[in-house]
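Note sheet for the following structure.
The values are calculated or read from the model by the stated rules, or taken from the named source; none is laboratory data. Values in this document were obtained by computation on a predicted structure and should not be read as measured data. Virtual Cβ from ideal backbone geometry, glycine too; neighbours counted across all protein chains shown. Quick note on the areas: whole protein, heavy atoms, side chains included, nothing else; ligands and nucleic acids left out. Shrake-Rupley method; radii C 1.70, N 1.55, O 1.52, S 1.80 Å.
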Amino acid sequence: MSKLDPGPVGVALEVSPAYLDEAAELERLGYDTIWLPGGQIDELSRLADLAAATTTPSGSGSTGTPELTR
């Protein structure tokens, strides 16, 4: 099993009507990690939607906060 490397720079997004478009744009700009802080995860499908909005997602969790790393 390989170790996930979140990269040197990441961004925490607030869930909003545009968060999936924002995630895709952040990935295009080269951000390695996109977080959705745990308090905003009222539905696990938000993580699946985020993974679908980016091109090379890989899910991980740290200190109870779900995150997706590219």
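So here's what we get for this one:
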read-out: Matching residues in the stretch 48-57 - criterion: being more than 15 Å from PRO17 (Cβ to Cβ), modelled with pLDDT of 85 or more and not polar (S, T, N, Q); value: ALA48, ALA51, ALA52
read-out: Residue in the stretch 20-40 that is surrounded by the most Cβ atoms within 10 Å (Cβ to Cβ), counting only those that are in a helix (DSSP H, G or I) and modelled with pLDDT under 85; value: GLN40
read-out: Of all residues in the stretch 41-55 being closer than 17 Å to LEU26 by Cα and assigned to a loop (DSSP other than H, G, I, E, B), the one that is most open to solvent (accessible area, probe 1.4 Å); value: THR55
